[in-house]
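Asker: First the structure, then my questions, so here it is.
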Amino acid sequence: MPLATPCLPEVCNAMKTVEIQSQRRVFDGFFKIDEVEFRHQRRDGSMSPPLRRLHLNRGDGVTAVLHNPARQTLLFVRQFRFSTYENGPGWLLETVAGVVESGQTPEECVILEIREETGYRVRDLELVTSFYLTPGGSSERIYLFYAEIEEADREHEGGGLPQEGEDIEVVELTLDQAWRALESGEIADAKTIVGLQWLSRRLLDA
């Protein structure tokens, strides 16, 4: 089998035709769910038959790998995630994360989330990458950032916003503890796994 040739999004999208035939909002709450019927151009150039899909519009999100080089530690948060409770642990160890609100940039959002959840003030952010979490049904795109922190940057204890129902534990792990948690499956959150794998490669290349 020949190796695939990478295709930039702007090039691939220009080559393909998508016809949206109907779109109906079936849920309009914190998240938006649309039922969409569409056809798209197939690889052979023909059009597909009409396809019906549910589309979850979650907007963009952010997350950040927080590294304290002086202590050789990483900062995580642990909180209850109901959607993982039925078939998983419920309480997940994660990198700081949040949803980009209207009028916010991803950078503004992640700085605010870091301060609310961990109590740390960050000044220098590095945008690592962006990626889709569940492209089969959701538009959610995550912007992954990296920031170095030190003890002098901590303004308060963190823990999230009680008025929003947040009850967040701040967890500091050594690098070795973080790698073990990743390898053992204790860390089961996708964005956190992506961030740690990126950091591991960065440290190896340093």
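Asker: So which of 86, 101, 126 is of a type outside the set (Gly, Ala, Ser) and modelled with pLDDT of 95 or more?
Answerer: Answer to the check: 126.
Asker: OK, next. Could you run through region 164-206 and say how many residues are among the aliphatic types (A, V, I, L, M), assigned to a helix (DSSP H, G or I) and touching an Asp or Glu at 6+ places or on another chain (Cβ under 6 Å)?
Answerer: The qualifying residues number 0.
Asker: Is it the case that residue 100 is within 16 Å of the chain's Cα centre (by Cα), crowded, with 17+ Cβ neighbours inside 10 Å and closer than 14 Å to residue 191 by Cα?
Answerer: So residue 100 fails the test.
Asker: Going through region 110-154 one residue at a time, which ones are within 29 Å of residue 56 (Cβ to Cβ) and part of a loop (DSSP other than H, G, I, E, B)?
Answerer: The answer is 125, 133, 134, 135, 136, 137, 139, 140.
Asker: For region 36-83, give me the residue count where each residue is over 30 Å from residue 173 (Cα atoms), among the basic types (Lys, Arg) and under 16 Å from the mean Cα position of the chain (by Cα).
Answerer: Result for region 36-83: 1.
Asker: Specify the residue that is surrounded by the most Cβ atoms within 10 Å (Cβ to Cβ); the eligible residues are those in region 32-53 that are within 30 Å of residue 145 (Cβ to Cβ) and out of contact with any His (no Cβ under 6 Å at 6 or more places or on another chain).
Answerer: Filtering first and then ranking leaves 33.
The values are calculated or read from the model by the stated rules, or taken from the named source; none is laboratory data. As the structure is a computational prediction, the values presented were derived from the model and not from experiment. Glycine gets a Cβ as well: all are built from the backbone with ideal geometry, and neighbour counts include every protein chain shown.
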